[in-house]
Amino acid sequence: MKKHFLLIIIALMAFAAKAQNAESTFKSAVDKLKSYENIEIEFDYNMINTEAGIFETMDGAGFLQGDAFKLFIMGQVILCDGATTWTYNSDAEEVMITEVDKEDGNGSPLSIIESYYNNITAKFVDEAGAIKKIEVKSLMSNDNFKKIIVTLDSKTLDIKDIHLFDNDDTEFVYVIKKFITNQKLPKDFFTFKESDFPDAEIIDMR
């Protein structure tokens, strides 16, 4: 009995160490992302909900810098300076202006990853050589997502793909195809200019 008890204690200690290692690996990857002055990405995007029969796929691109970003996806240009978001819809030929509400999940894409930093649990769900999959769950009850799964290179800490699972069991997948950092961008790169959308109707929802 004593031997069995010791084996259980050792197993629990090993599990705790591995969980801590998964959390520290994930946080190191987030720290590396935050260290860049800016990021340019191209990605494949999938939205999946098996029960609802949803499987949508498309590609996108964007630039991220702190709380500011510029995204190109689904015929839209989404521009944000950190406080205000401008969404241009090419089909409707209109620009919708809204205020950023980070608590509602409409902040920078980087802020979603950064929000999974404190008050989390993490574990490895797959380890194949240098490629690791880490499942991260927030301990905050009001979180918009049940969990995220990040695939990364444990040697370089580069993120390969991100899977987000919301509370309606919809999975959002971002597969990174291009990743360039620390470019010299114009000062007004994340500033909305009406002259760039001369035929669009401006709808201010602030």
(request) Return the only residue of THR57, THR85, THR25 being at pLDDT 85 or above, not in a strand (DSSP E or B) and not aliphatic (A, V, I, L, M). (result) THR25
(request) Among the residues of the stretch 67-82, count how many are part of a loop (DSSP other than H, G, I, E, B) and either open to solvent by less than 50 Å² (accessible area, probe 1.4 Å) or touching a Phe, Trp or Tyr at 6+ places or on another chain (Cβ under 7 Å) (or both). (result) 3
(message) Take the residues in the stretch 169-184 that are of a type in the set (Ser, Thr, Tyr) and part of a strand (DSSP E or B); name whichever of them is modelled with the lowest pLDDT.
(response) TYR174
(request) Answer yes if at least one residue in the stretch 104-121 is surrounded by 14 or more Cβ atoms within 10 Å (Cβ to Cβ), in contact with a strand residue (DSSP E or B) (Cβ under 6 Å, 6 or more places away or on another chain) and of a type in the set (D, E, K, R), and no otherwise. (result) no
(request) Select, from GLU51, GLU127, the only residue that is assigned to a loop (DSSP other than H, G, I, E, B), open to solvent by 40 Å² or more (accessible area, probe 1.4 Å) and among the acidic types (Asp, Glu). (result) GLU51
(request) With the condition kept exactly as written, say whether any residue in the stretch 28-40 is among the aromatic types (Phe, Trp, Tyr) and either in a strand (DSSP E or B) or at pLDDT below 90 (or both). (result) no
(request) Would you check if there is a residue in the stretch 107-117 being assigned to a helix (DSSP H, G or I) and small (Gly, Ala, Ser)? (result) yes
(message) Taking the condition of being in contact with a Ser or Thr (Cβ under 7 Å, 6 or more places away or on another chain) and either small (Gly, Ala, Ser) or open to solvent by less than 60 Å² (accessible area, probe 1.4 Å) (or both), how many residues in the stretch 160-182 meet it?
(response) 1
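The values are calculated or read from the model by the stated rules, or taken from the named source; none is laboratory data. If you're wondering where the values come from, they're calculated on a predicted model, not measured in any experiment. FYI the Cβ positions are ideal-geometry reconstructions off the backbone, even for glycines, and counts take in every protein chain you see. All accessible areas refer to the heavy atoms of the entire protein, side chains included, with ligands and DNA or RNA removed. Shrake-Rupley method; radii C 1.70, N 1.55, O 1.52, S 1.80 Å.
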